[in-house]
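Only one structure is covered here, and it is reproduced in the block below.
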Amino acid sequence: MDMADKAVIREVRLGNINKFEILVDRYSKKIQSFIGSRLFDKIEVDDIVQDSFIQFYKAIPSFDINKPVYPYLLQIARNELYMYFRKKHITIPLNDDIAQLQGGEKHEDDIVKIVEGLKPDNKKAILWFAEGYSYREIAKRLDKPINTVRTLIRRARLFIKKNYNHER
């Protein structure tokens with residue numbers, strides 16, 4: 001961490017909360033880019049970024065100033081994103097047809113149309129990931145190496161992003 005981050009955190013700890021804005025300005029675009037590459041709703045991305053900074057602000061009293069800020073903030077953003085996906089909880093029956101999308105804007109027919117071109121393993125992996133399963137849990141369910149699961153999910157995301165953007 002550069003000295004500027006240490007100094008800012010010290011100032012915030014001393015009660016000068018306006019200095020926190022320096023950290024927000026410094027890291028918000030990076031965090032927004034990270035979240036935006038995984039979520040395609042700009043409003044939701046902004047909310048998650050804001051929640052990440054709120055969580056970081058709450059953690060400042062216990063934050064080790066000898067550690068870099070960005071990786072810590074990135075982990076908070078990752079956790080906020082996981083919580084978002086769990087809140088949006090997608091449920092599917094055993095036959096892989098999408099039964100219901102709770103809290104979403106898309107209707108069942110739209111979701112089926114978006115994922116219908118995916119290979120079965122890609123479809124299973126992305127839906128389980130959206131339900132909040134970890135890569136390790138998905139790897140176990142599919143009986144595949146974890147790196148293969150990462151590739152399946154990445155390819156499914158790219159496929160969905162491409163098809164979803166064409167419909168908007």
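Computed values, structure above
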{"item": "Partners for residue 19 among lysines (Cα-Cα distance below 28 Å; same-chain residues under 8 apart left out)", "result": "6, 29, 30, 42, 58, 67"}
{"item": "Charge sum, other residues only, whose C-beta stays under 12 Å from residue 147's C-beta, Lys/Arg counted +1 and Asp/Glu -1", "result": "+4"}
{"item": "Around residue 38: net Lys/Arg minus Asp/Glu count, Cβ-Cβ under 12 Å", "result": "+1"}
{"item": "Cα gyration tensor of segment 3-87 - equivalent ellipsoid semi-axes, whole Å, descending", "result": "24, 12, 11"}
{"item": "Label point 7 Å beyond Cα of residue 13 along Cβ direction - residues of segment 32-64 with amide nitrogen under 20 Å", "result": "53-64"}
{"item": "Label-point gap, in nm, between residue 22 and residue 137 - each point 7 angstrom along Cα→Cβ", "result": "4.1"}
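Since every read-out is calculated from the coordinates, none of them should be taken as a lab result. Just so it is clear, the structure is predicted and the values come from calculations on it, not from any experiment. Positions of Cβ are backbone-derived with ideal geometry, glycine not excepted, and every protein chain shown enters the neighbour counts.
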